[in-house]
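Trainee: Pasting in a structure now, in structure tokens, and then I'll have a few things to ask.
The values are calculated or read from the model by the stated rules, or taken from the named source; none is laboratory data. Everything numeric in this text was worked out from a predicted model, so none of it was measured. Cβ placement follows ideal geometry from the backbone for every residue including glycine, while neighbour counts extend to all protein chains displayed. For accessibility, only protein heavy atoms count, side chains too; no ligands or nucleic acids. Shrake-Rupley method; radii C 1.70, N 1.55, O 1.52, S 1.80 Å.
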Amino acid sequence: AARPRPRLRALAAGPLPSLLAAATSGGEDDRARDVRRAAATALAYSLCLQDVAASDEILAPLAVNAAVASAVDAPPEEPLDDMRVPSWAGPALGLLVGLDSPDSVGKCVDALSVAKGVDIKAVLALGARAHDMRAGMIGDAAAEREGSRRCKSKLRALADADWLARRLGATLVDPGRFVADESGYRARSIVALAALTPTTELPATAIRLRAFELAELYGADRVAVAVAHAGGLLASGAVADLEAARSELVHGAFAEAPDRAIAGLRSDVWPALPTDDGKNEYAAYFNLLRATHEVLAKENVEENERERHSVAAARASAAANASVALCDAAQGCGLSLAALMGPDGGAPSGGRVEATRAVGNSVVKTAHSSIPVVFPSDAVAALAAAVAVLPDPAPGFDSDAVWLSAVCAVLSLSVPGSARAQPHERWTAAETALPTLPPDDIAEVVRWCALGGGHPLGWTDAQGGGGGGFASEASLPLRIRALAAGVEALERAEVSHAELTAFRRSLARLHVVAVVRDAMPSLVADSLRMLDDDAFILAAVAERWVAAGEPLRHVAGLVAAGRKHTGHEGGDADHVDACAKALNAATRAAATAFDGSAGSADARTAAVHTLRAVVVRSLGDDARGADSPALNSLLGSEYPSTLEKARSSAFVELQTFADESSGAPRGARGAALELLGEVAGGDGSSAWPGWRPPGEDEEEDAVHTDTGLPGGNNGGAITAPHGSSSAARLLAMRTAAAVAILAAGVEISESAVADADAAGACFRALLDATPDDRMAAASPTLSQVLVLWEKSARWAAPSSAAPRPMHAQWHALIHRGLAAGAADAALDAIAAAAIDEDVHA
């Protein structure tokens, strides 16, 4: 073997390792690149001087550096076309041709593709030229040709990406991602091109040809491209262009995979159709769908499949015709065809609710186009006729449903941006169409408008009045008018409707409500709402009114109104009887509430409140202002006597309950006694005006006879057992309850409080029975007994014969306090009592 040459050995032993290390060193800043470039150049020349070929590891970085330096320093050139290599790339081309491996050329091209300041197109053209030149030299010609093809393909893709970016916008097409084709980016860009809206510069034909050309070049799905093109044309309203391209799309693309084409039309094109009107777009869509099904019907071998697609084609054809008919009938009022038909021409996904709502939205625009609102009968009739030709409508959506939708639309919908018509205006318009509806639909409308039922078509967002339906917006007279119109329409029906009787009953009830409301302006709203139930019982409502504290005159007026307007089937009632039942229920509730083993504080409070509502508020009969003439007419001349009867009966009933013999709990009896004292005239605000307890008139007559004064009034007197009066009995019961805390052992009977002398003796007995050590504590109670008598007993009131009947008892209380050493307590009690202006001492 030849001995190594001395100079080559010297180079290898000297600077070669350091030059090689510098030429292959890392770093991306300018200084590092300058070092690598200088080292690679020095190394290449050194080896050439020794007649030694440099390896690709040395020449490849030199080629990259040379190309970068030449590109940066070269003057600007015109944009490159096709595969022309720029003038500055000569040195780099020479170095690339001299490389040993085609892979090294590819790596240089890749490095230059991401280098700053170098045009990617120039790099790809340089790589393609280098591979072409090397293919004719000794080496792997196939690898060189593949490298050239790869560079040319990327260059072509880059040019196409630039073209797409100019048409679709740089934000939609990124050239780098298009060339790299990550995750099917090229195919998505081509589909976007196909869906482009045609312009004069780029008409539909040019879009279609270019999209199919790129799909062929880059392997994109031609069916997806065709579907996107159809959707783009329909979305932009280019129906004529789609009709012209139908055959090309169906036979040139859809035929490759008709099932996928049909699925694409339903999922991608259907949602892009106009939401309002769009008869031509829908007709073109269904015609395209029909043509695709016809292809499948001809090409399928299986008879069942051929039949299925033939039926689908016929349905699509019928849907195309229906689209035109429906939009013509809607007269440009925004009919949403997508709510009436599905993407295959069959039933829509929204069913009857969405279909009727779409019709309603269209009809209401026509109805509200005039002032006042007018029901558009001609337009509705045209829509009903058009709906009849739908190939497969939603279940329950037919011509009758169109009329019902129109009525509901006029009643409940409004045109956006326009003032909402008043309920009576809407009803006046809709009422004209009521006789055209089937009986069941009439019943639905009447129930909704007059009785607060659900919307006849389930339009949950169109019920108005805060969601409560037309009835919540309408006045009571308008509700009565609507119900009367419904009853009249159902009475004219050939077959009696099942709800006619119920509607008649409701109409009578609403008449009662109207009379009551007009006659009683001060009626509480809750009381009026008690009449809302169709199954109401007049007697039960009357009793509830009493329990709620409604004045008895209102209860009597309700009963009179119920008798005046028959047909409500709520039965008859009597206000005196209702009062008695309410009081009985209230006393039973009080007894239960004050039962120590079962009652709670809340229950006791509620029971006393109800008892007070019956006794003080209802029987107090406060009219809350002047009576209306209508109420006076309802009450008649006999009302005062019935009021007296109700009060007297209630007084005796409550007095019986308050008696210890009733067995009621002490707390309940105490509440009853307190109420009896109030209504008997003790407390002016709660007293029953113009009324006296039964038997009190006889007492007053006797007093006046003794004094020579005229007799009392002729108020009703009910004598209690053993000849005693209710007033005396009540006074005895209240006195006994007041002194029970003293435990004095003094019996308080009716005779003990029958007159001033008897009461004086009773009071002295109480003073004598009270021990000295308890006198201080007992003084307030004894003072209250005297206050009770002076406020409640007729014989204790001042008169010409007895200016101060209880004067002696007050003095007796003071003297007893002095004797017991409790003078301060006695005086304090008397001072507290003297503050009460009703005390006469």
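Trainee: Could you say which residue among 91, 76 is in a helix (DSSP H, G or I), open to solvent by 30 Å² or more (accessible area, probe 1.4 Å) and either in contact with a His (Cβ under 7 Å, 6 or more places away or on another chain) or at pLDDT below 80 (or both)?
Mentor: 91
Trainee: Which pairs have Cβ atoms under 6 Å, sit 6 or more apart or on different chains, and link a residue in the range 809-832 that is at pLDDT below 90 to one that is open to solvent by 20 Å² or more (accessible area, probe 1.4 Å)?
Mentor: Going by the 6 Å Cβ cut-off, the qualifying pairs are 810/841; 817/823; 820/772; 822/776; 825/776; 826/814; 829/780.
Trainee: Out of (1) open to solvent by 20 Å² or more (accessible area, probe 1.4 Å); (2) outside any helix (DSSP H, G or I); (3) under 25 Å from residue 181 (Cα atoms), what's the single condition that is false for residue 220?
Mentor: (1)
Trainee: Being part of a loop (DSSP other than H, G, I, E, B) and out of contact with any Lys or Arg (no Cβ under 8 Å at 6 or more places or on another chain) is the filter here; which residues of the range 500-522 pass it?
Mentor: Residues satisfying the conditions are 520, 521.
Trainee: Follow-up. Give the residue that is modelled with the lowest pLDDT, with candidates limited to residues of the range 313-370 that are assigned to a loop (DSSP other than H, G, I, E, B), open to solvent by less than 20 Å² (accessible area, probe 1.4 Å) and among the small types (Gly, Ala, Ser).
Mentor: Going through the qualifying residues, I end up with 334.
Trainee: Under 7 Å between Cβ atoms, at least 6 apart or on separate chains: pull out the pairs that start in the range 283-309 with a residue that is over 23 Å from residue 271 (Cα atoms) and end on any residue that is among the aromatic types (Phe, Trp, Tyr) and open to solvent by less than 20 Å² (accessible area, probe 1.4 Å).
Mentor: Final answer for the pair search is 295/254.
Trainee: Going by what's in this entry, would residue 385 be described as assigned to a helix (DSSP H, G or I) and either touching a residue at least 24 places away in the same chain (Cβ under 8 Å) or open to solvent by 70 Å² or more (accessible area, probe 1.4 Å) (or both)?
Mentor: yes
Trainee: Looking at (1) open to solvent by 30 Å² or more (accessible area, probe 1.4 Å); (2) assigned to a helix (DSSP H, G or I); (3) within 30 Å of residue 326 (Cβ to Cβ); (4) touching a helix residue (DSSP H, G or I) at 6+ places or on another chain (Cβ under 9 Å), which one does residue 449 not meet, given that it meets all the others?
Mentor: The single condition residue 449 does not satisfy is (1).
Trainee: Additional query: Confirm whether residue 201 is of a type in the set (D, E, K, R) and part of a helix (DSSP H, G or I).
Mentor: Considered against the rule, which asks whether it is of a type in the set (D, E, K, R) and part of a helix (DSSP H, G or I), residue 201 comes out as no.
Trainee: Give the range 752-772 a look and list any residue that's in a helix (DSSP H, G or I), in contact (Cβ under 8 Å) with a residue 24 or more places away in the chain and open to solvent by 20 Å² or more (accessible area, probe 1.4 Å), or say none.
Mentor: 756, 764, 769, 772 - these are the residues of the range 752-772 that are in a helix (DSSP H, G or I), in contact (Cβ under 8 Å) with a residue 24 or more places away in the chain and open to solvent by 20 Å² or more (accessible area, probe 1.4 Å).
Trainee: Identify, by number, the condition in (1) assigned to a helix (DSSP H, G or I); (2) surrounded by fewer than 18 Cβ atoms within 10 Å (Cβ to Cβ) that residue 441 doesn't meet.
Mentor: (2)
Trainee: Okay, moving on. Identify, please: which residue in the range 568-594 is closer than 16 Å to residue 634 by Cα and without any contact (Cβ under 8 Å) to a residue 40 or more places away in the chain and is, among those, most open to solvent (accessible area, probe 1.4 Å)?
Mentor: Per the criteria, the residue is 572.
Trainee: For the range 103-114, give me each residue that is surrounded by 22 or more Cβ atoms within 10 Å (Cβ to Cβ) and farther than 15 Å from residue 152 by Cα.
Mentor: Matches in the range 103-114: 108, 112.
Trainee: Go through the range 614-643 residue by residue and tally those that are of a type outside the set (D, E, K, R), out of contact with any Pro (no Cβ under 8 Å at 6 or more places or on another chain) and surrounded by fewer than 19 Cβ atoms within 10 Å (Cβ to Cβ).
Mentor: 10
Trainee: Considering only residues that are open to solvent by 50 Å² or more (accessible area, probe 1.4 Å), among the aliphatic types (A, V, I, L, M) and part of a loop (DSSP other than H, G, I, E, B), which ones fall in the range 523-567?
Mentor: Residues satisfying the conditions are 524, 535, 537.
Trainee: Run down 215, 187, 211, 226 and say which single residue is open to solvent by 20 Å² or more (accessible area, probe 1.4 Å), modelled with pLDDT of 90 or more, of a type outside the set (Val, Ile, Thr) and part of a helix (DSSP H, G or I).
Mentor: 187
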